[in-house]
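*Asks:* This is the structure, below, for whatever I ask next.
The values are calculated or read from the model by the stated rules, or taken from the named source; none is laboratory data. Since we're looking at a predicted model, the values are computed, not measured. Every residue, glycine among them, receives a Cβ derived from its backbone with ideal geometry; neighbour counts consider all protein chains shown. The area values use the complete protein model at the heavy-atom level, side chains included, leaving out ligands, DNA and RNA. Shrake-Rupley method; radii C 1.70, N 1.55, O 1.52, S 1.80 Å.
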Amino acid sequence: MSNNYSKHTLLKSPTLFSNAEQASLYTAKQIAELILEKQKQGLPAVLGLATGNTPKKVYKELIRLHQYEGLSFHNVVSFNLDEYYPIGSENDQSYTYFMNQNLFSYIDIQPKNIHVPHTDSSPDQITQYCLDYESKIAGFGGIDLQLLGIGRNGHIGFNEPGSSFDSTTRLVNLDSITREDAITDFGTLNKVPHQAISIGIHTIIQAKKILLLALGERKSEIINEAINGEISIQVPASILQTMPQVEYVLDNEAARLI
Ligand code: F6R
(Lines give C-alpha, C1' and ligand atoms only; values in the text may rest on other atoms or scores of the structure.)
Protein backbone atom coordinates (compact mmCIF):
# COMPACT_ATOMS: atom_id res chain seq x y z
CA MET A 1 0.00 0.00 0.00
CA SER A 2 1.42 3.37 -0.90
CA ASN A 3 0.57 6.54 0.98
CA ASN A 4 1.43 10.19 1.20
CA TYR A 5 4.69 9.80 3.11
CA SER A 6 7.64 10.84 1.00
CA LYS A 7 11.26 9.79 1.30
CA HIS A 8 13.37 12.23 3.24
CA THR A 9 15.33 14.08 0.62
CA LEU A 10 18.49 14.28 2.73
CA LEU A 11 18.46 10.61 3.64
CA LYS A 12 21.82 9.72 5.10
CA SER A 13 23.61 6.62 3.92
CA PRO A 14 23.67 3.75 6.36
CA THR A 15 26.63 3.59 8.72
CA LEU A 16 28.48 0.44 7.70
CA PHE A 17 30.85 -1.80 9.64
CA SER A 18 32.87 -4.80 8.59
CA ASN A 19 31.38 -6.97 11.31
CA ALA A 20 28.73 -7.22 14.01
CA GLU A 21 31.22 -6.49 16.78
CA GLN A 22 32.24 -3.13 15.31
CA ALA A 23 28.62 -2.14 14.60
CA SER A 24 27.68 -3.01 18.18
CA LEU A 25 30.59 -1.08 19.70
CA TYR A 26 29.62 1.97 17.66
CA THR A 27 25.99 1.68 18.79
CA ALA A 28 27.00 1.34 22.45
CA LYS A 29 29.23 4.41 22.06
CA GLN A 30 26.28 6.47 20.76
CA ILE A 31 24.22 5.42 23.77
CA ALA A 32 27.07 6.12 26.23
CA GLU A 33 27.67 9.57 24.72
CA LEU A 34 24.01 10.48 25.10
CA ILE A 35 24.01 9.34 28.73
CA LEU A 36 27.11 11.43 29.48
CA GLU A 37 25.76 14.46 27.64
CA LYS A 38 22.53 14.29 29.65
CA GLN A 39 24.53 13.88 32.86
CA LYS A 40 26.40 17.09 32.08
CA GLN A 41 23.06 18.84 31.64
CA GLY A 42 21.68 17.30 34.86
CA LEU A 43 18.93 15.58 32.88
CA PRO A 44 17.63 12.02 32.55
CA ALA A 45 18.62 10.08 29.43
CA VAL A 46 15.46 8.36 28.22
CA LEU A 47 16.37 5.21 26.30
CA GLY A 48 14.07 3.02 24.25
CA LEU A 49 15.47 -0.50 24.41
CA ALA A 50 15.07 -3.64 22.33
CA THR A 51 15.50 -7.33 23.08
CA GLY A 52 16.49 -10.17 20.74
CA ASN A 53 19.86 -11.25 19.42
CA THR A 54 20.74 -7.98 17.74
CA PRO A 55 21.40 -5.77 20.79
CA LYS A 56 23.19 -8.38 22.90
CA LYS A 57 26.71 -7.20 22.03
CA VAL A 58 25.62 -3.58 22.51
CA TYR A 59 24.49 -4.38 26.03
CA LYS A 60 27.69 -6.33 26.67
CA GLU A 61 29.71 -3.27 25.73
CA LEU A 62 27.54 -0.99 27.90
CA ILE A 63 28.19 -3.33 30.83
CA ARG A 64 31.92 -3.17 30.09
CA LEU A 65 31.80 0.62 29.97
CA HIS A 66 30.08 0.59 33.36
CA GLN A 67 32.40 -1.94 34.97
CA TYR A 68 35.73 -0.76 33.55
CA GLU A 69 35.26 2.81 32.39
CA GLY A 70 33.02 4.25 35.09
CA LEU A 71 29.95 4.89 32.94
CA SER A 72 27.04 5.37 35.33
CA PHE A 73 23.42 4.74 34.41
CA HIS A 74 22.04 6.63 37.41
CA ASN A 75 20.29 9.15 35.14
CA VAL A 76 18.96 6.55 32.69
CA VAL A 77 15.24 5.94 32.31
CA SER A 78 14.46 2.99 30.07
CA PHE A 79 11.38 1.89 28.18
CA ASN A 80 11.40 -1.47 26.46
CA LEU A 81 9.65 -1.84 23.15
CA ASP A 82 7.58 -4.88 23.83
CA GLU A 83 6.74 -8.04 25.74
CA TYR A 84 4.94 -11.25 24.89
CA TYR A 85 1.34 -11.60 26.11
CA PRO A 86 0.65 -13.36 28.29
CA ILE A 87 3.91 -14.24 29.98
CA GLY A 88 5.05 -14.03 33.59
CA SER A 89 8.01 -11.72 34.21
CA GLU A 90 9.75 -14.61 36.01
CA ASN A 91 9.49 -16.78 32.86
CA ASP A 92 12.94 -17.07 31.29
CA GLN A 93 11.50 -16.27 27.84
CA SER A 94 10.07 -12.97 29.10
CA TYR A 95 11.72 -9.75 28.05
CA THR A 96 11.94 -8.67 31.70
CA TYR A 97 14.12 -11.72 32.28
CA PHE A 98 16.10 -11.00 29.09
CA MET A 99 16.81 -7.40 30.11
CA ASN A 100 17.89 -8.39 33.61
CA GLN A 101 20.17 -11.11 32.26
CA ASN A 102 21.68 -9.04 29.45
CA LEU A 103 21.90 -5.58 31.00
CA PHE A 104 20.04 -4.36 34.06
CA SER A 105 21.57 -6.74 36.64
CA TYR A 106 25.05 -5.53 35.75
CA ILE A 107 24.61 -1.75 35.74
CA ASP A 108 23.56 0.91 38.24
CA ILE A 109 20.25 1.87 36.62
CA GLN A 110 17.69 2.67 39.31
CA PRO A 111 15.00 -0.07 39.36
CA LYS A 112 12.27 2.59 39.52
CA ASN A 113 13.50 3.93 36.16
CA ILE A 114 13.12 0.60 34.34
CA HIS A 115 9.98 0.09 32.27
CA VAL A 116 9.30 -3.18 30.48
CA PRO A 117 5.66 -3.81 29.54
CA HIS A 118 4.20 -6.23 32.09
CA THR A 119 1.64 -8.58 30.74
CA ASP A 120 0.07 -9.80 33.93
CA SER A 121 -2.88 -7.43 33.41
CA SER A 122 -6.17 -9.14 32.65
CA PRO A 123 -7.54 -8.54 29.12
CA ASP A 124 -9.94 -5.84 30.39
CA GLN A 125 -7.05 -3.90 31.95
CA ILE A 126 -4.72 -4.01 28.95
CA THR A 127 -6.05 -0.95 27.14
CA GLN A 128 -5.59 1.20 30.23
CA TYR A 129 -2.19 -0.35 30.88
CA CYS A 130 -1.08 0.59 27.34
CA LEU A 131 -2.38 4.15 27.71
CA ASP A 132 -0.45 4.45 30.98
CA TYR A 133 2.75 3.19 29.30
CA GLU A 134 2.39 5.89 26.65
CA SER A 135 1.74 8.54 29.33
CA LYS A 136 4.83 7.50 31.24
CA ILE A 137 6.98 7.92 28.11
CA ALA A 138 5.41 11.32 27.47
CA GLY A 139 5.88 12.23 31.16
CA PHE A 140 9.65 11.92 30.69
CA GLY A 141 9.49 14.17 27.63
CA GLY A 142 9.60 11.28 25.14
CA ILE A 143 12.40 8.94 24.17
CA ASP A 144 15.80 10.52 23.56
CA LEU A 145 17.34 7.52 21.85
CA GLN A 146 15.47 4.50 20.54
CA LEU A 147 17.43 1.34 19.78
CA LEU A 148 15.71 -0.89 17.24
CA GLY A 149 16.28 -4.27 15.66
CA ILE A 150 14.27 -5.37 12.65
CA GLY A 151 12.26 -8.53 12.16
CA ARG A 152 12.60 -10.58 8.96
CA ASN A 153 9.11 -9.33 8.05
CA GLY A 154 10.13 -5.69 8.59
CA HIS A 155 8.59 -5.31 12.02
CA ILE A 156 9.96 -2.77 14.49
CA GLY A 157 9.00 -3.49 18.06
CA PHE A 158 6.19 -5.97 17.52
CA ASN A 159 4.53 -3.70 14.99
CA GLU A 160 3.83 -6.39 12.47
CA PRO A 161 3.07 -5.89 8.75
CA GLY A 162 -0.24 -4.05 8.47
CA SER A 163 0.35 -1.93 11.61
CA SER A 164 -0.74 1.65 11.21
CA PHE A 165 1.99 4.27 11.17
CA ASP A 166 -0.20 6.11 13.70
CA SER A 167 -0.27 3.20 16.14
CA THR A 168 0.55 3.63 19.83
CA THR A 169 1.14 1.10 22.61
CA ARG A 170 -1.36 -1.74 22.33
CA LEU A 171 -1.97 -5.47 22.32
CA VAL A 172 -0.93 -6.96 18.97
CA ASN A 173 -1.24 -10.32 17.24
CA LEU A 174 2.11 -11.81 16.30
CA ASP A 175 2.82 -12.60 12.66
CA SER A 176 3.59 -16.20 11.68
CA ILE A 177 7.22 -15.28 10.74
CA THR A 178 7.74 -13.68 14.16
CA ARG A 179 6.35 -16.76 15.93
CA GLU A 180 8.53 -19.07 13.80
CA ASP A 181 11.62 -17.04 14.62
CA ALA A 182 10.78 -17.34 18.32
CA ILE A 183 10.86 -21.15 18.21
CA THR A 184 14.60 -21.06 18.95
CA ASP A 185 13.75 -19.39 22.29
CA PHE A 186 10.56 -21.25 23.21
CA GLY A 187 11.47 -24.72 21.86
CA THR A 188 8.28 -25.43 19.91
CA LEU A 189 5.80 -23.29 17.98
CA ASN A 190 2.89 -24.12 20.26
CA LYS A 191 4.76 -22.59 23.20
CA VAL A 192 5.26 -19.26 21.41
CA PRO A 193 2.60 -16.73 22.53
CA HIS A 194 0.21 -15.46 19.87
CA GLN A 195 0.16 -11.91 21.19
CA ALA A 196 2.35 -9.19 22.65
CA ILE A 197 2.18 -5.66 23.99
CA SER A 198 4.18 -3.35 21.75
CA ILE A 199 4.76 0.36 21.70
CA GLY A 200 3.40 1.75 18.44
CA ILE A 201 5.05 3.01 15.30
CA HIS A 202 3.90 6.52 16.17
CA THR A 203 5.51 6.11 19.60
CA ILE A 204 8.78 4.96 18.04
CA ILE A 205 9.04 7.71 15.45
CA GLN A 206 8.56 10.40 18.08
CA ALA A 207 12.00 9.46 19.47
CA LYS A 208 14.58 12.21 19.06
CA LYS A 209 17.18 9.79 17.72
CA ILE A 210 16.63 6.29 16.34
CA LEU A 211 19.37 3.73 15.77
CA LEU A 212 18.22 0.78 13.71
CA LEU A 213 20.79 -1.95 14.09
CA ALA A 214 20.78 -4.88 11.68
CA LEU A 215 23.37 -7.63 11.72
CA GLY A 216 23.98 -10.66 9.58
CA GLU A 217 23.02 -12.09 6.22
CA ARG A 218 19.52 -13.12 7.33
CA LYS A 219 18.57 -9.44 7.64
CA SER A 220 19.96 -8.42 4.22
CA GLU A 221 16.74 -8.81 2.20
CA ILE A 222 14.49 -7.01 4.63
CA ILE A 223 17.02 -4.23 5.24
CA ASN A 224 17.20 -3.59 1.53
CA GLU A 225 13.40 -3.47 1.33
CA ALA A 226 13.14 -1.24 4.40
CA ILE A 227 15.73 1.25 3.14
CA ASN A 228 15.20 1.19 -0.61
CA GLY A 229 11.70 -0.19 -1.08
CA GLU A 230 8.31 1.46 -1.18
CA ILE A 231 7.06 3.03 2.03
CA SER A 232 4.29 0.70 3.02
CA ILE A 233 2.60 -0.58 6.15
CA GLN A 234 3.46 -4.05 4.84
CA VAL A 235 7.08 -3.24 5.74
CA PRO A 236 6.68 -1.30 8.99
CA ALA A 237 10.36 -0.24 9.12
CA SER A 238 10.00 1.48 5.74
CA ILE A 239 8.43 4.49 7.48
CA LEU A 240 11.88 5.23 8.93
CA GLN A 241 13.03 6.34 5.44
CA THR A 242 11.09 9.54 6.00
CA MET A 243 12.67 10.33 9.36
CA PRO A 244 15.79 12.53 9.54
CA GLN A 245 16.61 11.33 13.07
CA VAL A 246 17.10 7.74 11.90
CA GLU A 247 20.50 6.14 11.52
CA TYR A 248 20.82 2.64 10.07
CA VAL A 249 23.78 0.84 11.60
CA LEU A 250 24.65 -2.24 9.58
CA ASP A 251 27.33 -4.84 9.33
CA ASN A 252 28.55 -5.84 5.87
CA GLU A 253 26.41 -8.95 5.75
CA ALA A 254 23.17 -7.11 6.51
CA ALA A 255 24.14 -4.42 4.00
CA ARG A 256 24.95 -6.90 1.22
CA LEU A 257 21.96 -6.02 -1.00
CA ILE A 258 21.60 -2.29 -0.48
C1 F6R B 1 12.60 -6.87 20.27
C2 F6R B 1 11.84 -6.36 19.15
C3 F6R B 1 11.95 -6.96 17.79
C4 F6R B 1 13.37 -7.40 17.41
C5 F6R B 1 13.38 -8.07 16.04
C6 F6R B 1 14.75 -8.60 15.68
O7 F6R B 1 12.31 -6.13 21.44
O8 F6R B 1 11.09 -5.46 19.32
O9 F6R B 1 11.48 -6.03 16.84
O10 F6R B 1 14.22 -6.28 17.41
O11 F6R B 1 12.46 -9.12 16.02
O12 F6R B 1 15.07 -9.66 16.52
P13 F6R B 1 16.55 -10.26 16.53
O14 F6R B 1 17.42 -9.18 17.02
O15 F6R B 1 16.48 -11.40 17.52
O16 F6R B 1 16.84 -10.68 15.15
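*Asks:* Just reorder 40, 57, 112, 219 by solvent-accessible area, largest first, 1.4 Å probe, all chains present. Each step should come with its number before you reach the end.
*Replies:* On the way: 40 165, 57 95, 112 145, 219 20 Å².
Descending accessible area places them as 40, 112, 57, 219.
*Asks:* OK, next. What size of dipole, in debye to the nearest 20, comes out for segment 15-251 about its Cα centre when the only charges are +1 on Lys and Arg C-beta atoms and -1 on Asp and Glu C-beta atoms? Each step should come with its number before you reach the end.
*Replies:* On the way: 17 positive and 27 negative charges, 102 e Å.
Once rounded to the nearest 20, the dipole reads 480 debye.
*Asks:* While we're on this one: Averaging the inverse of every distinct alpha carbon separation and then flipping it gives the Kirkwood radius. What is it for segment 138-238, in angstrom units? Present the calculation step by step, with values, prior to reporting the outcome.
*Replies:* Working: mean 1/r = 0.0704 Å⁻¹.
One decimal place: 14.2 Å for the Kirkwood radius.
*Asks:* Turning to a different aspect of this structure: On the full set of protein chains, 1.4 Å probe, figure out the accessible area of residue 56 and give it in Å² to the nearest 10.
*Replies:* Surface open to solvent at residue 56 totals about 80 Å².
*Asks:* With a 1.4 Å probe and every protein chain kept in, tell me what percent of the accessible surface of segment 14-75 is carbon plus sulfur. Kindly include the intermediate steps, with their values, before the conclusion.
*Replies:* Values: 1580 of 3030 Å².
Roughly 52 percent, rounded to a whole number.
*Asks:* With every protein chain kept in place and ligands, DNA and RNA left out, what is the accessible area per residue of segment 15-251? Probe 1.4 Å, answer in Å². Don't jump to the answer; show the numbers that get you there.
*Replies:* Numbers: 9920 Å² over 237 residues.
So segment 15-251 comes to 42 Å² accessible per residue, rounded to a whole number.
*Asks:* Based on alpha-carbon centroids, what's the gap between segment 171-214 and segment 119-144 in Å, whole number please?
*Replies:* 17
*Asks:* Now, a different point. Based only on Cα atoms, what Rg/Rh ratio does segment 15-251 have, Rh being taken as Kirkwood's radius? Kindly include the intermediate steps, with their values, before the conclusion.
*Replies:* Details: Rg = 16.7 Å, Rh = 17.9 Å.
In segment 15-251, Rg relative to Rh is 0.93.
*Asks:* Return a whole-number percent for the relative contact order of segment 180-251, with Cα pairs under 8 Å and 6 or more residues apart as the contact set. Before the final figure, lay out each step's value.
*Replies:* On the way: 53 pairs, mean separation 23.3, N = 72.
Reported relative contact order: 32 percent.
*Asks:* Turning to a different aspect of this structure: Please compute the modelled spin-label separation between residue 221 and residue 177, points set 7 Å along Cα→Cβ, answer in nm with one decimal.
*Replies:* A separation of 0.8 nm, rounded to one decimal place.
*Asks:* Okay, moving on. What figure, in Å² to the nearest 10, do you get for the accessible area of residue 99 with a 1.4 Å probe and non-protein molecules left out?
*Replies:* Only protein atoms counted, so the area is about 0 Å².
*Asks:* Percent relative contact order of segment 91-228, based on C-alpha pairs within less than 8 angstrom and at least six residues apart?
*Replies:* Numbers: 158 pairs, mean separation 39.1, N = 138.
Relative contact order comes out at 28 percent.
*Asks:* Taking Cα pairs under 8 Å and at least six residues apart, what relative contact order does segment 15-251 come out at, in percent?
*Replies:* Working: 450 pairs, mean separation 56.2, N = 237.
Relative contact order for segment 15-251 comes out at 24 percent.
*Asks:* Here is a follow-up. Put a dot 7 Å past each Cα toward the Cβ at residue 90 and residue 120; how far apart are the dots in nm?
*Replies:* About 0.9 nm separates the two model spin labels.
*Asks:* May I pose another question? Within the accessible area of segment 149-258, what % is carbon and sulfur when the probe is 1.4 Å and the other protein chains stay in place? Present the calculation step by step, with values, prior to reporting the outcome.
*Replies:* Numbers: 1980 of 4180 Å².
In segment 149-258, the share of accessible area belonging to carbon and sulfur is 47 percent.
*Asks:* Holding the Cα-Cα limit at 23 Å, pick out from 136/209; 57/191; 60/191; 38/136; 57/136; 56/136 the pairs that are longer than that.
*Replies:* Details: 136/209 18 Å; 57/191 27 Å; 60/191 28 Å; 38/136 19 Å; 57/136 28 Å; 56/136 26 Å.
Cα-Cα > 23 Å for 57/191; 60/191; 57/136; 56/136; rest within.
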